[in-house]
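Shown next, in structure tokens, is the structure this report addresses.
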Amino acid sequence: MVLSAYDSPKKDEVLVIARSNHESLIQSLENGDYSIGQGNFRLVLFNPSEERIKKALKIVAKNSPWRNKQDIWYTNSPLLANDGKIAFVFPGLDGLAGGEIKSVADYFNINIDENDKQDGLLSEALNILNKSSVLDQALKQLGVKSDMNAGHSLGEWLAARSSELAEESSVMNLLNVLNPETFELKDSRFIAVGAGLATLQPIIESITDLYLSNDNCPQQVILCGSKNALDELVPILKAKQIFHQILPFQSGFHSPFVADKLGLILEGMQDMQFRKTTTPLWSATTLETYPRVSKPSVS
């Protein structure tokens, strides 16, 4: 026996229903009228079994927005009504780290970079770049397109790729240059600290090979230091009862530890072909949109 559809993506059954008012939506669910309809009172329910329809009915009865808890969506005020806009905000390093994309890529026929996973921050960043691209392409195939893109940390690179800030061929060339083994740093670690820079500055200045990496907000920074520097820092933080956590990867990015690698990065950037973005791209640094160049240029 040949299971010809064994690898075919599963298509979940889904109920999509909209009505012009709250009462009509409740009546339709109670009477089994599941025609799509139209209106601002909308319900989307995956796996609409009799039990789950009853659960959805209770949610609708409360008439408060319910978004993606137990694969149920309900709204009485659609987000795009009244000239609303869609923004894609791409997360930093942890946001997509554990996500599964193979089933998405199979369903939408999207190629996945099958490079072997290596340890290290850069390797993890490249894997997340790939995951983000798959999800971004899938949404666009569904017709879900953003009016603007933005991102935090690594997310700004993801947003830039989604906005097509650079020719995809030059992006791939840059990725080929960024060999994770080249940027592997054995004696540098990140540590997140729950205090502001003003509090930590005297401590940083007193410890050799300890640097500010990310000034995230008034109550948190990320520092980068050698093993010896962190061994000296941690007891000080404990004594001052300052929350801290050593992050589970080795890297020297955003610090002097990577200074001698900048030439390699700049070499890869030389052939980047920038162009007018297809979607406005917001900078987390300038808090403005990136310049929308009218033709490809070499940086």
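The values are calculated or read from the model by the stated rules, or taken from the named source; none is laboratory data. What you are looking at is a predicted structure, and each value in this text was computed from that prediction instead of being measured. Because the Cβ atoms are built from the backbone with ideal geometry, glycine has one as well, and the counts that use them run over all protein chains shown.
Cβ separations smaller than 9 Å between residues 6+ apart or across chains give the following pairs from the stretch 235-262 residues that are modelled with pLDDT of 90 or more to residues that are part of a helix (DSSP H, G or I) and among the hydroxyl-bearing types (S, T, Y): I236/S206; K240/T199; I242/T199.
Residues of the stretch 216-244 that are loosely packed, with under 12 Cβ neighbours inside 10 Å and either basic (K, R) or within 10 Å of I191 (Cα to Cα) (or both): K238 alone.
Every residue, every condition in (1) among the hydroxyl-bearing types (S, T, Y); (2) in contact with a strand residue (DSSP E or B) (Cβ under 9 Å, 6 or more places away or on another chain); (3) over 30 Å from K140 (Cβ atoms), yes or no:
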{"residue": "A192", "(1), (2), (3)": "no, yes, yes"}
{"residue": "S213", "(1), (2), (3)": "yes, yes, yes"}
{"residue": "N216", "(1), (2), (3)": "no, yes, yes"}
{"residue": "Q219", "(1), (2), (3)": "no, no, yes"}
{"residue": "F243", "(1), (2), (3)": "no, yes, yes"}
{"residue": "E288", "(1), (2), (3)": "no, yes, no"}
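Could you please let me know if L223 is more than 21 Å from E124 (Cβ to Cβ), among the hydrophobic types (A, V, I, L, M, F, W, C) and not assigned by TED's automatic domain parsing to the domain that holds L154?
Numbers: more than 21 Å from E124 (Cβ to Cβ): no; among the hydrophobic types (A, V, I, L, M, F, W, C): yes; not assigned by TED's automatic domain parsing to the domain that holds L154: yes.
So L223 does not fit the description; no.
If the condition is being of a type outside the set (F, W, Y), within 26 Å of A150 (Cβ to Cβ) and not in a loop (DSSP other than H, G, I, E, B), then the stretch 256-282 contributes V258, L262, I265, L266, G268, M269, Q273, L281. Taking (1) modelled with pLDDT of 90 or more; (2) more than 25 Å from T277 (Cα to Cα) in turn, I86 satisfies each apart from (2).
Which of the numbered conditions does S213 fail, given that it passes all the others? Conditions: (1) surrounded by fewer than 18 Cβ atoms within 10 Å (Cβ to Cβ); (2) over 23 Å from L135 (Cβ atoms). Failed condition: (1). Somewhere in the stretch 74-93, is a residue touching a strand residue (DSSP E or B) at 6+ places or on another chain (Cβ under 7 Å) and more than 23 Å from K145 (Cβ to Cβ)? Taking every residue of the stretch 74-93 in turn, at least one turns out to be touching a strand residue (DSSP E or B) at 6+ places or on another chain (Cβ under 7 Å) and more than 23 Å from K145 (Cβ to Cβ).
Within the bounds of the stretch 182-189, is there any residue that is over 20 Å from L93 (Cβ atoms), assigned to a helix (DSSP H, G or I) and of a type outside the set (A, V, I, L, M, F, W, C)? Break it down into steps so the answer makes sense when it comes.
Narrowing the stretch 182-189 to residues over 20 Å from L93 (Cβ atoms): 187.
If we keep only those that are assigned to a helix (DSSP H, G or I) too, we end up with none.
There is no residue in the stretch 182-189 that is over 20 Å from L93 (Cβ atoms), assigned to a helix (DSSP H, G or I) and of a type outside the set (A, V, I, L, M, F, W, C).
Residues of the stretch 165-185 include at least one that is free of Cβ contacts under 8 Å to residues at least 12 places away in the same chain, among the acidic types (D, E) and closer than 30 Å to T278 by Cα.
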